[in-house]
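Visitor: Have a look at this one.
The values are calculated or read from the model by the stated rules, or taken from the named source; none is laboratory data. All values derive from a computational prediction rather than experimental measurement. Every residue, glycine among them, receives a Cβ derived from its backbone with ideal geometry; neighbour counts consider all protein chains shown.
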There are 2 protein chains.
Amino acid sequence: MIGIELEELMARRDFRSVATELSKENPVDIAQLLSELEDNDLAVVFRLIEKKLAAETFSYMDQEQRQILLQIFSKKEIKAVLDEMFADDVVDTLEDMPSNVITSILDNIDEKTRARVNKLLQYDEFTVGSIMTTEFIELYPEMTVEEALLKIRRLGIHSETVYTCYVVEERHLIGIVTAKDLLINEPTTEVKYLMQENFIVVNTRDDKEDVANLFRKYGLIAIPATDSEGCIVGIVTFDDAIDVLTEETTEDMHKMAAMTASDDTYLKTSVFDHAKHRIVWLLILMASAAVTGFLILSNDEIFKIMPMLIAFIPLLMDTGGNCGAQSSTLIIRGLSIGELKFSDFFEIVWKEFRVSLLISAVLASVGGLGTYFILGDAKVAIVVSVSLIVTIVVAKLIGCILPVLAKKCNLDPAFMASPLISTIIDFCSMVIYFNVAYLLI
Amino acid sequence: MIGIELEELMARRDFRSVATELSKENPVDIAQLLSELEDNDLAVVFRLIEKKLAAETFSYMDQEQRQILLQIFSKKEIKAVLDEMFADDVVDTLEDMPSNVITSILDNIDEKTRARVNKLLQYDEFTVGSIMTTEFIELYPEMTVEEALLKIRRLGIHSETVYTCYVVEERHLIGIVTAKDLLINEPTTEVKYLMQENFIVVNTRDDKEDVANLFRKYGLIAIPATDSEGCIVGIVTFDDAIDVLTEETTEDMHKMAAMTASDDTYLKTSVFDHAKHRIVWLLILMASAAVTGFLILSNDEIFKIMPMLIAFIPLLMDTGGNCGAQSSTLIIRGLSIGELKFSDFFEIVWKEFRVSLLISAVLASVGGLGTYFILGDAKVAIVVSVSLIVTIVVAKLIGCILPVLAKKCNLDPAFMASPLISTIIDFCSMVIYFNVAYLLI
């Protein structure tokens, strides 16, 4: 079904067809269809969706549209939707709302969900606690496979959370059992003989990005989260981990382009917010570039001796910046997916040093010969070549060292990307250029 | 267990402890431990691992180490390892090997796996076929829940592939049933009453990146892949999708920093290959920067009239480059995660235009006033301010238009990132600068 069809059916007030068509769709797609509707039609269409599907759709909708619905809904309707949702999705819905709205909504959901939601609301947004769900299946070591299957049958509402069950003794997590293990073993076997005692587990206060990386590394469907005493309090599922990975990568990319990261999508962010996210770094970088400018100005007598040197300012600054950007991007990405560590520091520096020698040899030859053939001035060609070599080596070293050091100092390496590195290297390249020029003249 | 412990145990030739310790570990971690061993120890330790765990570990090892093992192993050992692996992991192992090795290995695995591997080897590396596995559970509409569970029990070897079963009629995929549905329903219910007939399905020839994005969008554990006639031939699982997403993002980042993407990790890539991946773009960009240089050289009489203008070359070029980088990064990332489409073109341009006006107002004020107070020259300050405004607007527009156009022309938008955009904007900013200066003098 496409948006235009929905609009046509709504225009004809053919609600029955709308209901039939929507019931065939995936909640993610329904949420997308709803996002294209007028505010007036939103509640009308939402009410046509079957209860369970509606709750799932609600958890995929924009915060803005969810607020509109919650304002229109009766208390009974709010309860119907929220009771069907995962506790962590309810928390997502509540997070950005004013506290009086949160309180009034919490009053309307069932006690069990309320307790879960309250608990989840306490976790910092960077922690595992903020993305975990508290719905999971607890088993006991003495249970038989048959009893375990019975419990799953009774409790297992949401598919992604039933495929790994957690074996608990005195509230402590002691093992995991997969649904597959239960399916392929004899009904009388006790759970303790099936459970894996070596499993990946995280703490609710761990950084959610680190946990998302565990999913990437081990390819798991869910990871249990325990409190400081080793008691299981929730699980993180792979779909939430994919969301975290996507968000974190987007954030990294934005930082790498000298912007403050934003939670909202590009089109949803206002012009003013866009400007706000970008301006601070632009001002800092502009001020730094001004310093390079004054360095050039205070050395401008060199252009009286060799006026042609002025032509190579962009070439040196750009090449240095590009070389630094290459190195810093490789290192930042390597650090962020856990491929590189601080202990690789010397290996990285040594590798970049050799790469920079190779690259500078080629670029300096091409640059130097090109200059000589076009301008016919051997002295200028030599100054350009030598400056290129030194600039490239320095650029590659700065580009690889700064991100690793940032990581070591617990700063985000993503800030040590192209724009900042370029500005630093601009300055260095001009210092190198003038010194080489003075030396050779 | 950490690498040092393993080394110590190996030094003491305490193989029994090695075997015990390794049996407690996750295959991903064992593969990492093995990667730190000397080649001589590798086969010794690998043979200590229990058969099933060994096969899983093998699928997580480096290609290099796998080759070493395959050379040392007897035919029987090769068969033991490969028979336990997923067909798609066997394909990964074979892919980079010389064809005579592939043939000799294929001779050594069982017929069923060989047929599967042969089929998978035919798919292009960019397609769904190259990442799917051919192991999945087929059910028929008339089967009862009990019969279905029996089939899973009989076939379901690998956990991630049993949680969704595929209902087939005359080889055509007509529905999906989750393991959860089977668990919570009566044993006598027929599968056709439980199956979902609306489900996400892809073609084996589809782009694997697009399919990975479906996992991101819908949060699924597995997606079935059919041939052009609608017959199911394999499934893609979420862990392979996470790998694809990670690879594609890394590739995007590398392209955005003007590098050819590499399959290998940073440390595994040789110095020569690193240089090769980076040098082509550096040469192109250096040549473009030279053009900007000659533009400056041919306008150098302006510096005789107003020598101070030379100080603002870096400031204008850097600010323009940074503004362009911000816009292009936002757009490239938005396009790559499907948040932005070509149809948003005018909205994007209009938004960037307004953002650029806001930003240029602030930057031009700060830049202009700063210049005036430091240099005390109102004329220079005006030239700098006006040039900044025009440069920022042009930079933001180029930065947002080029990636969208690239996408429309089926080019990778990632190439339209910072380095290329900066070089283009450098030239534009100097044209603007000189024209403004001539106009105002």
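Visitor: Kindly check whether there is at least one residue in region A:88-106 that is crowded, with 20+ Cβ neighbours inside 10 Å and either among the small types (Gly, Ala, Ser) or over 32 Å from the mean Cα position of the chain (by Cα) (or both).
Guide: No, because not a single residue in region A:88-106 is crowded, with 20+ Cβ neighbours inside 10 Å and either among the small types (Gly, Ala, Ser) or over 32 Å from the mean Cα position of the chain (by Cα) (or both).
Visitor: I'm trying to understand the selection: among the residues of region B:50-87, which are within 26 Å of the chain's Cα centre (by Cα), not in a helix (DSSP H, G or I) and not charged (D, E, K, R)?
Guide: Correct list: B:MET61, B:MET85, B:PHE86.
Visitor: Continuing with the same structure: Can you pull out every residue in region A:382-402 that is in contact with a Leu (Cβ under 7 Å, 6 or more places away or on another chain), more than 12 Å from chain B (Cβ to nearest Cβ) and buried (at least 21 other Cβ atoms within 10 Å of the Cβ)?
Guide: A:VAL383, A:SER387
Visitor: Here is a follow-up. Considering region A:26-63 alone, what residues qualify as being acidic (Asp, Glu), over 18 Å from A:ALA80 (Cα atoms) and buried (at least 18 other Cβ atoms within 10 Å of the Cβ)?
Guide: Hit for region A:26-63 is A:ASP29, nothing else.
Visitor: Of B:PHE303, B:PHE272, which residue is assigned to a helix (DSSP H, G or I), buried (at least 17 other Cβ atoms within 10 Å of the Cβ) and of a type in the set (Phe, Trp, Tyr)?
Guide: From the options B:PHE303, B:PHE272, the qualifying one is B:PHE303.
Visitor: Any residue in region B:249-260 that is more than 7 Å from chain A (Cβ to nearest Cβ) sitting within a Cβ distance under 8 Å of a residue that is basic (Lys, Arg) and surrounded by fewer than 24 Cβ atoms within 10 Å (Cβ to Cβ)? List the pairs, counting only those 6 or more apart or interchain.
Guide: Here the result reads B:THR260/B:LYS276, each pair linking region B:249-260 to a residue that is basic (Lys, Arg) and surrounded by fewer than 24 Cβ atoms within 10 Å (Cβ to Cβ).
Visitor: Continuing with this model, one more query. Of all the residues that make up region A:160-191, how many are surrounded by fewer than 21 Cβ atoms within 10 Å (Cβ to Cβ) and either outside the structural domain of A:ALA148 (by TED's automatic domain parsing) or of a type in the set (Gly, Ala, Ser) (or both)?
Guide: 1
Visitor: Inside region A:326-348, can you point out the residues that are part of a helix (DSSP H, G or I) and more than 7 Å from chain B (Cβ to nearest Cβ)?
Guide: A:SER327, A:SER328, A:ILE331, A:ILE332, A:LEU335, A:SER336, A:PHE342, A:SER343, A:PHE345, A:PHE346, A:ILE348
Here is a yes/no grid of residues against (1) touching a Leu at 6+ places or on another chain (Cβ under 8 Å); (2) within 14 Å of chain A (Cβ to nearest Cβ); (3) at pLDDT below 75:
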site	(1), (2), (3)
B:GLU25	yes, yes, no
B:ASP29	no, yes, no
B:GLU38	no, no, no
B:ASP41	no, no, no
B:LYS51	no, no, no
B:PHE58	yes, no, no
B:GLN67	no, no, no
B:ILE78	yes, no, no
B:LEU82	no, no, no
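Visitor: Given the residues A:ASP377, A:ASP426, A:ASP412, which is the only one that is in contact with a Gly (Cβ under 7 Å, 6 or more places away or on another chain) and of a type in the set (D, E, K, R)?
Guide: A:ASP426
Visitor: When region B:343-392 is examined, which residues are found to be free of Cβ contacts under 8 Å to residues at least 12 places away in the same chain and closer than 26 Å to B:MET308 by Cα?
Guide: B:VAL362, B:VAL366, B:GLY370, B:TYR372, B:PHE373, B:ILE374, B:GLY376, B:ALA378
Visitor: Those residues that are more than 7 Å from chain A (Cβ to nearest Cβ) and at pLDDT below 85, I need them from region B:303-323; list them, please.
Guide: B:PHE303, B:LYS304, B:ILE305, B:MET306
Visitor: Please give the helices (runs of 4 or more DSSP H) falling wholly within region A:98-205 in which 2 or more residues are within 30 Å of A:ILE78 (Cα to Cα).
Guide: Of the helices (runs of 4 or more DSSP H) lying wholly inside region A:98-205, those with at least 2 residues that are within 30 Å of A:ILE78 (Cα to Cα) span A:99-107, A:111-121, A:145-155.
Visitor: Within region A:221-246, which residues are over 19 Å from A:GLU339 (Cα atoms) and within 10 Å of chain B (Cβ to nearest Cβ)?
Guide: Hits for region A:221-246 are A:ILE221, A:THR237, A:PHE238, A:ASP239, A:ASP240, A:ASP243.
Visitor: Among the residues of region B:172-200, write down those that are within 13 Å of B:PRO141 (Cα to Cα), within 13 Å of another protein chain (Cβ to nearest Cβ) and touching a Gly at 6+ places or on another chain (Cβ under 8 Å).
Guide: B:GLN196, B:GLU197 - these are the residues of region B:172-200 that are within 13 Å of B:PRO141 (Cα to Cα), within 13 Å of another protein chain (Cβ to nearest Cβ) and touching a Gly at 6+ places or on another chain (Cβ under 8 Å).
Visitor: For region B:407-435, how many residues are more than 15 Å from A:PRO419 (Cβ to Cβ) and among the small types (Gly, Ala, Ser)?
Guide: Selection size over region B:407-435: 2.
Visitor: Residues of region A:1-38 being of a type in the set (Gly, Ala, Ser) and either touching a strand residue (DSSP E or B) at 6+ places or on another chain (Cβ under 8 Å) or at positive phi (or both), which ones?
Guide: None; the set is empty.
Visitor: Answer yes or no as to whether B:THR292 is touching a Phe, Trp or Tyr at 6+ places or on another chain (Cβ under 6 Å), closer than 21 Å to A:ALA290 by Cβ and either in contact (Cβ under 8 Å) with a residue 24 or more places away in the chain or of a type in the set (A, V, I, L, M) (or both).
Guide: Here the answer is yes, as B:THR292 does meet what is asked.
Visitor: Now, a different point. Scan (1) buried (at least 17 other Cβ atoms within 10 Å of the Cβ); (2) part of a helix (DSSP H, G or I); (3) under 22 Å from the mean Cα position of the chain (by Cα) for the single condition B:ASP210 breaks and write down its number.
Guide: The single condition B:ASP210 does not satisfy is (1).
Visitor: For region B:261-282, how many residues meet the condition of being more than 7 Å from chain A (Cβ to nearest Cβ) and within 30 Å of B:GLY219 (Cα to Cα)?
Guide: The number of residues fulfilling the criteria is 4.
Visitor: While we're looking at this one, here's another question. Give me the pairs, please: first residue somewhere in region A:211-234 and at positive phi and at pLDDT below 90, second residue anywhere and assigned to a helix (DSSP H, G or I) and surrounded by fewer than 22 Cβ atoms within 10 Å (Cβ to Cβ), beta-carbon distance under 7 Å, and either six or more positions apart or on two chains.
Guide: A:GLY219/B:ASP239
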